[in-house]
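Enquirer: First the structure, then my questions, so here it is.
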Amino acid sequence: MTDPTTDILASFSSAAANLVAKAAPAVVSVHSHRARASGFVWKPGLVVTADEALAEEGEISILPADGTARPATIVGRDHTTDIALLRFDATAIAPARLSPGAPALGSLAIVVAAARGTPSAAPGVVSLAGGRWRSLRGGDIDARVELDVRLHHSQQGGLALDASGAAIGMAVLGPRRVLVIPTATIERVAGRLESHGRIARGYLGVGLQAVKLDDGIGAMVMSVDKSGPSAAAGIRQGDVIVGWNDEKLSGVRPLLRSLGPDSVGSVVDLLVRRGGEPLRFKLTIGERPET
């Protein structure tokens, strides 16, 4: 007589293996200068990978499941959301099917990655499932999903699957945790990189330093780009910004985080103290120049 527990475990193991087998053909290895990562085919000839795991210089190659290295070029990369888009000559590989769904807290997950073209899998559990958030670099992430899973550096950029086999995003290494960059963020950022090669960021054209005031916190202007938006609005070195669109300033970091792609071209009302006297300025946010 067969042990029911053994049957359940065997069925579960077989189902998990099938999920990995279905996702693996779209997963690739990404080799750059002294760096190894994973990625997945997003569209024919286009691969999404983890920006943090991609070298800043040198040649890049992609190894699909057939193990044949193919040269790749960078279409664009966004440090703030940890997304990089690569182009390579392999339109025959079917893209991964990304799901817009959000995993439930405590549900099972599997990260499907690759090492030198060979598929790998890392099982885990969704340890956090939250709403929209901003990364430490100011990137707008559509959902906060963390996995309790052991992930090697070479597995960064792999596909994160839920228990139904749906690809819910890209697994990356965060500070002391594994994060999932969700489908909505990938589609938005990778689409922008494909069409424009970069993600526009807002630009004030000033260097700021947080200062404590008697009634709160201000942002002192330490330097001014003479050709930037702040100079055009009349902001000077030594001014202290204390208000932004009729709201009291809570610090420099929140101010900088508000300079996302959608901020470019918008007009903001600044409340500034100059020599202790309050002044108001209207400033049109510019686009940060490429470095």
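Enquirer: Which residue fluctuates the most in the chain, going by a Gaussian network model with Cα springs under 10 Å, if the choices are Ser61, Ser223, Ser99?
Expert: Ser223
Enquirer: Which FRET efficiency value, to the nearest 0.05, do you get for Arg274 and Ser227 by plugging their Cβ-Cβ distance into 1/(1 + (r/R0)^6) with R0 = 22 Å?
Expert: 0.55
Enquirer: Could you calculate the FRET efficiency of Glu59 with Arg116 from 1/(1 + (r/R0)^6), where r is the beta carbon distance between them and R0 is 22 Å, rounded to 0.05?
Expert: After rounding, the FRET efficiency stands at 0.85.
Enquirer: In whole percent, how big is the carbon plus sulfur part of the accessible area of the chain, probe 1.4 Å, protein atoms only?
Expert: Percent of accessible area from carbon and sulfur atoms in the chain: 53.
Enquirer: So what's segment 183-291 giving for Cα Rg divided by 2.2 N^0.38 Å, two decimals?
Expert: Scaled against compact globular proteins, the figure is 1.16.
Enquirer: For segment 22-177, would you read off the P(r) tail past 25 Å as a percentage of all alpha carbon pairs?
Expert: In whole percent, the long-distance tail amounts to 23.
Enquirer: Follow-up. Pulled fully out, how much extra length does the chain show between Arg176 and Arg150, if you take 0.36 nm times their separation in residues and subtract their Cα-Cα distance?
Expert: Here the segment from Arg176 to Arg150 would lengthen by 8.3 nm.
Enquirer: By how many degrees, 0 to 90 and rounded to 10, does the Cα axis of helix 183-196 deviate from the longest principal axis of the chain?
Expert: 70 degrees
Enquirer: Going 7 Å from the Cα of Leu136 toward and past its Cβ, which residues in segment 189-231 have a backbone nitrogen under 20 Å from where you end up?
Expert: Label zone hits: 210.
Enquirer: Under a plain spin-label model, where a point goes 7 Å from the Cα along Cα-to-Cβ, how far apart in nm are Arg34 and Val211?
Expert: 4.2 nm
Enquirer: Still on this model: Please find, in a Gaussian network model of the chain (springs between Cα atoms separated by less than 10 Å), the residue of Val145, Val111, Val224 whose mean-square fluctuation is greatest.
Expert: Taking springs between Cα atoms under 10 Å, the residue moving most is Val224.
Enquirer: Taking only DSSP H segments of four or more residues, each worth -39500 (n - 2.57), what value at 222 nm results for the chain once the sum is divided by all its residues, to the nearest 500 deg cm²/dmol?
Expert: The helix contribution divided over the chain gives -4500 deg cm²/dmol.
Enquirer: Turning to a different aspect of this structure: Given a 10 angstrom Cα cut-off, can you work out which residue in Arg132, Arg77, Arg36 is the most mobile in a GNM of the chain?
Expert: Arg132
Enquirer: Based on Cα coordinates alone, diagonalise the gyration tensor for segment 165-207, multiply each eigenvalue by 5, take square roots, and list the semi-axes in whole Å, largest first.
Expert: In descending order, the three semi-axes are 26, 18, 7 Å.
Enquirer: What relative contact order, as a whole-number percentage, does the chain give when Cα pairs under 8 Å and 6 or more residues apart are counted? Walk me through the numbers before you get to the answer.
Expert: Values: 721 pairs, mean separation 40.1, N = 291.
Reported relative contact order: 14 percent.
Enquirer: For the chain, what is the Kirkwood hydrodynamic radius in Å, using each pair of distinct C-alpha atoms? It would help to have the intermediate numbers written out before the result.
Expert: Working: mean 1/r = 0.0476 Å⁻¹.
Result for the chain stands at 21.0 Å.
Enquirer: Right, another one. Quick check on packing: order 90-97, 236-243 by the mean number of other C-beta atoms within 10 Å, highest mean leading.
Expert: Output ranking for 90-97, 236-243: 236-243, 90-97.
Enquirer: Using a Förster distance of 25 Å, how high is the FRET efficiency between Glu194 and Ala92, based on the Cβ-Cβ distance and rounded to 0.05?
Expert: That pair, Glu194 with Ala92, gives E of 0.80.
Enquirer: While we're here: Treating the angle as unsigned and between 0 and 90°, give the value, to the nearest 10°, between the Cα long axis of helix 4-23 and the longest Cα principal axis of the chain.
Expert: The helix 4-23 is inclined about 60 degrees to the chain.
Enquirer: Per residue, how much accessible area does segment 27-178 have with a 1.4 Å probe, in Å²?
Expert: 45 Å²
The values are calculated or read from the model by the stated rules, or taken from the named source; none is laboratory data. Everything numeric here is computed off the predicted structure, so don't read it as measured data. Here Cβ is always computed from backbone atoms with ideal geometry, including for glycine, and neighbour counts include all displayed protein chains. With ligands, DNA and RNA removed, areas are computed over all heavy atoms of the protein, side chains included. Shrake-Rupley method; radii C 1.70, N 1.55, O 1.52, S 1.80 Å.
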